[in-house]
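Reviewing the structure listed below.
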Amino acid sequence: MQTGKVHFGYIYGFGMVGCILLYGILNLMSEEGIDMYRTMSILGYCLLPIVFLAALNVVVNLRYFFGSIRSAETLQVMLIVFLDRLCRKI
């Protein structure tokens, strides 16, 4: 009955251990320290391009050469939009 199903407890546990380890590494490297909320926020924003590409993969096949080009273009467009919005705030 459970064959082929993803166990979300393992995924959440792996993510939490990664957040805790990265939190420890960042606090060891910095003089002031960083809080856990900021560490989790940084990791969450780093996952956004992966989520967008996964959503794009539902509609368009990204497995072949042209898919690789499209995924690189998607990441570039997302970076340009992010930097544009960041610069408009300043």
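Read the figures in this text as sums done on the coordinates, not as results from a lab. For clarity, every value in this text was computed on a predicted model and none was experimentally measured. No Cβ is skipped: glycine too gets one built from the backbone with ideal geometry, and neighbour counts run over all protein chains shown.
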- Considering the dipole of the range 8-89 built from charges on the beta carbon (Lys and Arg +1, Asp and Glu -1) around the Cα centre, which of T74, V60, C19 is farthest to its positive end? V60
- Task: With a ≥ b ≥ c taken as the square roots of the eigenvalues of the C-alpha gyration tensor of the chain, please select rounded if a/c is under 1.5 and otherwise prolate if a/b is larger than b/c or oblate if it is not?
- Result: oblate
- Please give the calculated 222 nm ellipticity per residue for the chain, where each DSSP H segment of at least 4 residues contributes -39500 (n - 2.57) and the sum is spread over every residue; nearest 500 deg cm²/dmol? -28000 deg cm²/dmol
- Relative contact order computed over the range 8-89 (Cα-Cα under 8 Å; 6+ residues apart), in percent: 17
- Task: Assign unit charges at the C-beta atoms only (+1 for Lys and Arg, -1 for Asp and Glu), then state the dipole size of the chain relative to its Cα centre in Debye, rounded to the nearest 20.
- Result: 380
